[in-house]
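The structure under discussion appears below in the form of structure tokens.
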Amino acid sequence: MSDIKNSIIGLISELANIPKDEIKPESELVADLGIDSPKALQLLVEIEDALGIEISDENAEDMNTVGDVIRFCEAG
Amino acid sequence: MAKRFDQLKKHLIVLIAEIIVRLLVSTYRMKWLSGERKIDSLDEKSSPVIIALWHNRIIFLGRIIRQLAKQKFPVTIMISFSKDGDLAAMLGERLGAKVIRGSPSRGGTQGLRGLYRSVAKEGRSILILPDGSKGPVYEAKMGLVVLSRMTQAPVLPMSCYANRFWRVRSWDRMIVPKPFSKVVIDVGEEISVSRNAQDDELENARLSIEGRLNQLGTNVEEYFEKQDK
Amino acid sequence: MTLETLSQSKPAHIFGIERKKVITDLPETFPEVLRRTAELFPEKGIQMRDRAGRVSGRRSYPELLQAVKESAGRWRSLGVKSGDCILLCLPTAWDFIDAWLGAICIGAHPAAIASVMGGLSASSNFAERLEKYRSVIDAEWIIAGDRMVNDLRKDYGDTLGAISYSTADIESQEIGEERLHEAKPEELAFLQFTSGSTGMPRAVMISHRMATHNAFSINEGIGDRYGAPADEWAELHSAWLPMHHDMGLIGCLLLAIANGIELSLMNPTTFLARPIKYLESLSGKKAMMAGPNFGYQFCVDRIKKENLVGLDLSKVGVAMTGSEMIRPETMDAFCNLVECTGFTPDKIMPCYGMAEATLAVTFDSNGAGVRTHLTPQQSGYHLENQEVVCCGIAVPDTEVRIANDDGETLQEGDLGEILVKGPAVFSGYYKNAAETAASKHGEWLRTGDLGFTANGELYIAGRFKEILVIRGDNIMPHELEWLAEEARGQGTGGERIAAFSVHRPNIGEEIVLVVETNESDAETLKGLDRAIKTRIGRAMSLPVFDLAFVRRGAIPRTSSGKIQRGKIKEDYLNQKVERVEFE
């Protein structure tokens, strides 16, 4: 498992208050993990700070699942 | 041609609106119940705060933007995407605020991130209408609380009232004090949100912002009731 | 509205006065209306259809007048007096029409309720519900079908607070004095039950003037669209709606009688069993059709294109849709379905109304079919991308405006509560001053519906009282329900979905969905659960706190078939919702 994947799942786990092993790449951010838009803000900001990258609004809109977030960050 | 005319018309409307707002707010006789020094002391060296007031007090926003601009205290406001919002945004900028477009509700991540960057990256403060842009009246949206948590900027609630005013027939019965009216302002205790706040603490913070804004609203209204007696 | 206000020049908007024609010189009471129609339209009348959809009987309007006189005579022999309230529990048939009109024409006040409740006749549940309705209007009389009354007498003879009679009892009465009671226009004519979203039914008081004015208004309202009132071109008005439904009673029965239009009546059970029979009744005729969104969706779900071969709906003049939220997708799907019959989408006429305004409040008279508008862009009502249907302008002599909580008129484009004023707006609920006061703002009716105007036309955005407020954001329940329905699929038709919010201490309001389904397979249900949550999560960025699958029929409906979100929420909170478990 890559570091990026690990740290993102860690962030989401903390934010969603759900154990890490229950967070799968196919988990829906909103439906499965309860990441509503205020929480999405925290997630994006914390990823940007942790990885030192910029996530544009368009890219953010395309992120529906945990896998989407991981793929974007690994590519960036 | 028509487009250029539209642009011209827009600028003209904004110019007139700006003159009206500036003239209007300059005639108000201000009475601070508390917090005058706190607001007066804000300048370019102060750390960022999130100033919150209910949407129907929006006209005071103009007054506060003017004052803070004079004190060189940099502020950002958020205005919704719409045709009318375009005009409001131009007006906000002319009065001296930085304007971010977005809505605090659905799909609001974009606007919220803009506000976040404004505070975190540029050290600006935020003026926010927690029940805007369309209500429900006197219900604060969660975005404000999360913003405060992320930026660690405290929320500074305030409310205002006047002895003579017009009520606009809007969803929230907007208050516009008449020229030369006496305007009373009250600023409440700051509310800080812990960086580690969990869901229930965030909801509590949201409710206490609502509660404090409503308390301030009662304070300023009662001021005039006592005067009458 | 924000700083934007400063740029708005449009005045506070009251509309509905644009229509030039105003209802004058027309009769204002039931007896006058019946006599006028019998005289002016002696060749027109009412057709009754059987279970197979065939015309099984017909009465001309002069014959109807005679039947009403006889019915009045029988009511008198029975001992019914002017001012008595009568609970009518009869299916769509001559019995109902005679009894209802006859009662009104002796000055008594009938109130119609569903003749079939929960699919059974005299179950204990039925007697209980009957008593609930009866007590609201303190009815002295209950009239129901023969078997039902026999069962009621046997099992509940003493517990019901009224004398119950079967139609056979009435038939056997001597015909007494046939004279029609010459009412004053403002006199109470009949009572119309409405169900709030919770609890007890309420009975709207409808006067002679309200009923007749609204029936003439609808005729004119349809006319604005075609250049001539409906009575001048319509060969047939075809109805399947039950007679206790305001759209069935006013929008079909009374509309036809008052304006002398030929009417076809079909029992709702016939429509629900074979909706194609309803479309067949319209074939080849300059006909009018009417129904709620549900009826059109039901056609889409149940009728296959190949069954439409040979059907000619090209002459259908108008298809009214109203009485519940209109879904553009449903109307589109219906138009696609019947395109092969020559039916064109411009025939769809969205309407808005409610029992408290007798029925019709606004009509889309544009003649361009379903037109939609996005709810105001700057809105924080969580509706930014929603298309809602244009319901046009007010019917004659009626005014509509959008107001804030204090009843002050808002500007064009602002969301607020819809208020209505006019000759067909009610004076109150029967013996219920508290509910009456809550539903009024001066002489204006507070509809409890959320709407806005654009270009002077009305758009309905949802029920005001049922808005979910999640973390300070406004969300419309039907928007969640529609998304859930898209994800669930149509099923076999008729399964409903209800969305509401529940309060969790320290967390705030959370979304709950109750979804009716016929599925039992755990894997299938698991898949549905996930599909619905994902759909809502992606579209609205909102998590669903709880999703309960229930059996079809578990979500309570009002007497007119609308889901009762308040009631199901109550059941949910009391843990009375029977879940179909899958985990």
Please work out which residue is surrounded by the most Cβ atoms within 10 Å (Cβ to Cβ), limiting yourself to segment B:23-54 and to residues that are within 30 Å of B:L147 (Cα to Cα) and within 14 Å of chain C (Cβ to nearest Cβ).
B:W54
B:T218 versus (1) out of contact with any helix residue (DSSP H, G or I) (no Cβ under 8 Å at 6 or more places or on another chain); (2) under 16 Å from B:I58 (Cα atoms): which is the lone unmet condition?
(2)
Listed residues A:D49, A:D57; which is more than 14 Å from chain C (Cβ to nearest Cβ) and without any contact (Cβ under 8 Å) to a residue 60 or more places away in the chain?
A:D49
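Select, from C:G380, C:G353, C:G392, the only residue that is over 17 Å from the mean Cα position of the chain (by Cα) and at pLDDT 90 or above. Before the answer, list the steps.
Details: C:G380 fails: at pLDDT 90 or above; C:G353 fails: over 17 Å from the mean Cα position of the chain (by Cα).
Step by step, each of C:G380, C:G353, C:G392 is checked, and only C:G392 is over 17 Å from the mean Cα position of the chain (by Cα) and at pLDDT 90 or above.
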Might you let me know whether segment C:445-467 holds any residue that is at pLDDT below 85 and among the β-branched types (V, I, T)?
yes
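Kindly indicate the residue of segment C:49-73 that is among the hydrophobic types (A, V, I, L, M, F, W, C) and crowded, with 19+ Cβ neighbours inside 10 Å and also nearest to C:S281 (Cα to Cα) among those meeting that condition. Even if it seems obvious, please write down each step before you answer.
So in segment C:49-73, the residues among the hydrophobic types (A, V, I, L, M, F, W, C) come out as C:52, C:55, C:64-65, C:67-68, C:72.
Among the residues that remain, those that are also crowded, with 19+ Cβ neighbours inside 10 Å are: C:64-65, C:68, C:72.
Values: C:L64: 22, C:L65: 25, C:V68: 26, C:A72: 31 Å.
Result: C:L64.
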Given (1) at pLDDT below 85; (2) under 25 Å from C:L410 (Cβ atoms), number of the condition B:A162 does not satisfy
(1)
Restricting attention to segment C:492-518, and to residues there that are touching a residue at least 60 places away in the same chain (Cβ under 8 Å) and not in a strand (DSSP E or B), which single residue is nearest to the other protein chains (Cβ to nearest Cβ)?
C:R496
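Out of C:T453, C:T436, C:T447, I need the residue that is farther than 28 Å from C:T24 by Cβ, among the β-branched types (V, I, T) and crowded, with 18+ Cβ neighbours inside 10 Å. Which one? Show your work before the answer.
Working: C:T453 fails: farther than 28 Å from C:T24 by Cβ; C:T447 fails: farther than 28 Å from C:T24 by Cβ.
Answer to the selection: C:T436.
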Is there any pair with a first residue in segment C:399-410 that is more than 10 Å from chain B (Cβ to nearest Cβ) and a second that is among the basic types (K, R) whose Cβ atoms are under 7 Å apart and which are 6 or more apart or on different chains, and what are they?
C:E399/C:K421
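When you scan segment A:33-41, do you find a residue that is more than 13 Å from chain C (Cβ to nearest Cβ), outside any helix (DSSP H, G or I) and either farther than 26 Å from C:A487 by Cα or among the acidic types (D, E) (or both), even just one?
Step one: of segment A:33-41, the residues more than 13 Å from chain C (Cβ to nearest Cβ) are none.
Within segment A:33-41 (the criterion being more than 13 Å from chain C (Cβ to nearest Cβ), outside any helix (DSSP H, G or I) and either farther than 26 Å from C:A487 by Cα or among the acidic types (D, E) (or both)), the answer is no, since none of the residues qualifies.
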For segment C:160-249, which fully contained strands (runs of 3 or more DSSP E) count at least 1 residues that are hydroxyl-bearing (S, T, Y) and modelled with pLDDT of 90 or more?
C:201-207, C:236-239
Taking the stated definitions as given, is C:A499 among the aliphatic types (A, V, I, L, M), at pLDDT 90 or above and out of contact with any strand residue (DSSP E or B) (no Cβ under 8 Å at 6 or more places or on another chain)?
no
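For A:V69, state whether it is touching a residue at least 60 places away in the same chain (Cβ under 8 Å), under 11 Å from the mean Cα position of the chain (by Cα) and within 14 Å of another protein chain (Cβ to nearest Cβ). Steps first, answer last, please.
Numbers: touching a residue at least 60 places away in the same chain (Cβ under 8 Å): yes; under 11 Å from the mean Cα position of the chain (by Cα): yes; within 14 Å of another protein chain (Cβ to nearest Cβ): yes.
In short, yes.
Quick one: is C:L254 in contact (Cβ under 8 Å) with a residue 12 or more places away in the chain, in the same structural domain as C:M354 (by TED's automatic domain parsing), in a helix (DSSP H, G or I) and within 23 Å of C:G428 (Cβ to Cβ)? Talk me through it step by step, then tell me what you get.
Values: in contact (Cβ under 8 Å) with a residue 12 or more places away in the chain: yes; in the same structural domain as C:M354 (by TED's automatic domain parsing): yes; in a helix (DSSP H, G or I): yes; within 23 Å of C:G428 (Cβ to Cβ): yes.
Taking the combined requirement at face value, the residue satisfies it.
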The number of residues in segment B:211-229 that are surrounded by 18 or more Cβ atoms within 10 Å (Cβ to Cβ) and within 14 Å of chain C (Cβ to nearest Cβ) is 1
Which is hydroxyl-bearing (S, T, Y) and assigned to a helix (DSSP H, G or I), of B:S194, B:S159, B:S148, B:S170?
B:S148
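The values are calculated or read from the model by the stated rules, or taken from the named source; none is laboratory data. Model, not experiment: these values are computed from the prediction. Reconstructed Cβ throughout: ideal geometry from the backbone, glycine too, with neighbour counts over all protein chains shown.
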